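**Student:** Would you mind keeping the following structure in view while I ask a few things?
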Amino acid sequence: MEKTKEIRIATEKAVDEFRKMEVGDVVRFPIADYNYNSLRTLPSTSLVPERVEGRSWKTRLDIDNACVDVTRVS
């Protein structure tokens, strides 16, 4: 059985949270504190050097919990 990773709640600037994520990490960004469109476009704007290195992230809007979950996939 696969162990589920713990979801961490974001507390810093979004770009800093993205940069310190390891593959498989999930960070939850509350919509009240973070702009959804900014989170969705962050990898293609502010994290270009990290993307060139091969990092990538996946975002998922969780309407029930009023947050955006970001997963580092590579």
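All of the numbers you see were taken from the coordinates with simple rules; none came from a lab. Since we're looking at a predicted model, the values are computed, not measured. Reconstructed Cβ throughout: ideal geometry from the backbone, glycine too, with neighbour counts over all protein chains shown.
**Student:** Give me the Debye-computed log₁₀ of I(q)/I(0) at q = 0.21, 0.27 Å⁻¹ for the chain, equal point scatterers on Cα only, no solvent, two decimals.
**Tutor:** -0.89, -1.39
**Student:** Could I ask something else about it? What ranking, highest mean first, results for peptides 44-54, 61-71 when packing means the other Cβ atoms within 10 Å averaged over each residue?
**Tutor:** Result, highest mean Cβ count within 10 Å first: 61-71, 44-54.
**Student:** So if I place +1 on the C-beta of Lys and Arg and -1 on the C-beta of Asp and Glu, and nothing else carries charge, what would the dipole magnitude of region 7-72 be about its Cα centre? I want it in debye, nearest 20.
**Tutor:** 180 debye
**Student:** May I ask you to evaluate 6.51 cos²θ - 1.76 cosθ + 1.60, the Karplus curve with θ = phi - 60°, for each residue of region 5-22 and list the ³J(HN,Hα) values in order in whole Hz, giving x for glycine and proline?
**Tutor:** 6, 6, 8, 9, 8, 5, 10, 9, 4, 4, 4, 5, 5, 4, 5, 8, 6, 9
**Student:** Can you give me the long-range amide H partners of V68? Hydrogens built in the peptide plane at 1.01 Å from N, cutoff under 5 Å, separation of 5 or more residues or another chain.
**Tutor:** Here the answer is F29, I31, D62, since their amide H atoms fall under 5 Å of that of V68.
**Student:** Dipole of the chain (Lys/Arg Cβ +1, Asp/Glu Cβ -1, origin at the Cα centre): which of A10, A32, P43 lies farthest to the positive side?
**Tutor:** Final value for the positive-end residue is P43.
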